[in-house]
Amino acid sequence: MLFAAGRNGHMPRIMTMLHKKYHSPWPATWTMGVVATVMLSTGSILRLISAISLFAGIMTFSLMMCLFLLRWRQPNTHRPIKIPIVIPMVVALICLTILIISVMAEPEALIINLIIIALGVPVYLLCFKCKAVQKRLVFMDRVGTILQHLFLLQYET
């Protein structure tokens, strides 16, 4: 996920680095490993699975709502694949049901996930939409150069 987000410009360019020999995205893989380890150290594996599945449910439901919004606001836009509207409706209902059941079982997981999502919005706006801040983040290129030398990494060609 981080590798693809780095390719699209939604994460630092460092995440797109590959190992020279193995051609695998080491910085993205290690970052995900560190995040998972930190999350795991705060609770049990079941809590980690619960938090991640709830986050996936929130994102899937949000995606279905965006699909409805695009179909309503831009009905004549060319789409390479146009699926029947019933399928996203069913997926949205299933996601909503799972989210409601999850929240009833563990309400603090929803609060934690919403806080994480809410904290991500200002970081995204500052680091990727504000050009003045982007110019000040040149230290990321220096970090990328250091990582290249230490771990035999290269940017994707």
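Structure summary
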| read-out | value |
| --- | --- |
| Residue check for Val103: modelled with pLDDT of 85 or more, in contact with a Leu (Cβ under 6 Å, 6 or more places away or on another chain) and surrounded by 10 or more Cβ atoms within 10 Å (Cβ to Cβ) | yes |
| Hits in the range 97-111 - residues which are of a type outside the set (Val, Ile, Thr) and in a helix (DSSP H, G or I) | Leu99, Ser102, Met104, Ala105, Pro107, Glu108, Ala109, Leu110 |
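For (1) of a type in the set (Phe, Trp, Tyr); (2) touching a residue at least 12 places away in the same chain (Cβ under 8 Å), each residue gets a yes or a no:
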| site | (1), (2) |
| --- | --- |
| Val91 | no, yes |
| Ile98 | no, yes |
| Ile101 | no, no |
| Glu106 | no, yes |
| Ala109 | no, yes |
| Tyr124 | yes, yes |
| Thr157 | no, no |
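Here is a yes/no grid of residues against (1) within 16 Å of the chain's Cα centre (by Cα); (2) over 24 Å from Cys127 (Cβ atoms):
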position: Met11; (1), (2): yes, no
position: Trp26; (1), (2): no, no
position: Trp30; (1), (2): yes, no
position: Leu70; (1), (2): no, yes
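The values are calculated or read from the model by the stated rules, or taken from the named source; none is laboratory data. Please read all numbers here as calculations on a predicted model, not as lab measurements. Every residue, glycine among them, receives a Cβ derived from its backbone with ideal geometry; neighbour counts consider all protein chains shown.
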